[in-house]
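Asker: One structure, as structure tokens, below. Some questions next.
The values are calculated or read from the model by the stated rules, or taken from the named source; none is laboratory data. Model, not experiment: these values are computed from the prediction. Cβ placement follows ideal geometry from the backbone for every residue including glycine, while neighbour counts extend to all protein chains displayed. SASA here: full protein model, heavy atoms, side chains in, ligands and nucleic acids out. Shrake-Rupley method; radii C 1.70, N 1.55, O 1.52, S 1.80 Å.
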Amino acid sequence: MAIDAGDLTLDSVLVPEGYTAFLPQALDIQFGVPGMDFAALGDEFMKTDFTTSTGDSRMAGQQEAAKLFPGGILKVDFPKVSAESSVYNIEVSGEMEGRVDTQKDYRVNASIVARDYDKTIAAVQELAKSNPDLNNASFGLMMIKGFAKADPDGAQRWDVAVASDGSVSVNGQQIKGPDAPATDEAALSDEVAPLDETAPSDQTKP
């Protein structure tokens with residue numbers, strides 16, 4: 001699927017005059033979800049009993065999702081997602097893959113390219129003169145630039161990798177380690193709290 005729009009005009013009375021330069025003048029969104037098995041989904045859907053309880057319906061929905069995505073794997077490709085205005089030009093490409101039955105077991109590989117990045121920082125700094133709250137945004141943009149590598153044309157690039165264990169790396173440098181192993185909260189809640197030996201017993205209560 002692709003959405004390509006150029007020469008956009010998004011002026012609105014809801015957007016302060018100083019911020020109109022940040023409205024995109026061109027958008028290009030390309031993405032796809034390969035490997036979906038609609039035939040298997042249709043077969044599973046025809047087996048669904050809509051008179052059953054909510055729990056059974058939820059289980060049926062999970063089974064249908066598993067049929068639509070073979071092996072329970074959802075993959076999204078985004079070869080190009082870009083936005084451009086007079087003060088920024090950013091493009092993102094990559095892929096995301098994860099299981100449909102959990103929100104944690106996923107991985108992402110993406111490249112983010114920003115052209116005229118210094119112009120973007122300067123534009124935010126100019127706005128910060130009238131809105132001091134944007135000083136943090138300006139500082140954040142400069143920090144992010146520190147992780148970038150320069151392309152031959154001068155653009156700033158961040159190759160971002162999020163592994164299934166939760167670790168994150170940017171341009172080959174790990175900035176976040178793996179997530180801690182999940183704890184069994186149910187087991188912890190079932191533990192009996194220790195008795196307070198200093199508390200008065202029924203025999204000593206007045």
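Asker: Filter the stretch 146-198 down to the residues that are at pLDDT 95 or above, outside any loop (DSSP other than H, G, I, E, B) and open to solvent by less than 70 Å² (accessible area, probe 1.4 Å) and list them by number.
Answerer: Listed by number, the residues that qualify are Gln156, Arg157, Trp158, Asp159, Val160, Ala161, Val162, Val168, Ser169, Val170.
Asker: Scan (1) without any contact (Cβ under 8 Å) to a residue 12 or more places away in the chain; (2) assigned to a helix (DSSP H, G or I); (3) open to solvent by 40 Å² or more (accessible area, probe 1.4 Å) for the single condition Ala137 breaks and write down its number.
Answerer: Only one criterion is unmet by Ala137, namely (1).
Asker: Taking into account only those residues within the stretch 76-96 that are open to solvent by 60 Å² or more (accessible area, probe 1.4 Å) and among the hydrophobic types (A, V, I, L, M, F, W, C), which is nearest to Ala163 (Cα to Cα)?
Answerer: So the residue we want is Met96.
Asker: Could you list, in sequence order, all residues of the stretch 140-170 that are β-branched (Val, Ile, Thr) and under 19 Å from Lys119 (Cβ atoms)? Explain how you work it out, then say what you get.
Answerer: Restricting attention to the stretch 140-170, the residues satisfying the condition of being β-branched (Val, Ile, Thr) are 144, 160, 162, 168, 170.
Passing the criteria: only Ile144.
Asker: Take Arg99 and tell me if it is open to solvent by 50 Å² or more (accessible area, probe 1.4 Å), modelled with pLDDT under 70 and of a type outside the set (A, V, I, L, M, F, W, C).
Answerer: On the way: open to solvent by 50 Å² or more (accessible area, probe 1.4 Å): yes; modelled with pLDDT under 70: no; of a type outside the set (A, V, I, L, M, F, W, C): yes.
In short, no.
Asker: While we're here: Quick one: in the stretch 111-134, of everything that is modelled with pLDDT under 95 and not in a helix (DSSP H, G or I), which residue is surrounded by the most Cβ atoms within 10 Å (Cβ to Cβ)?
Answerer: That would be Asp116.
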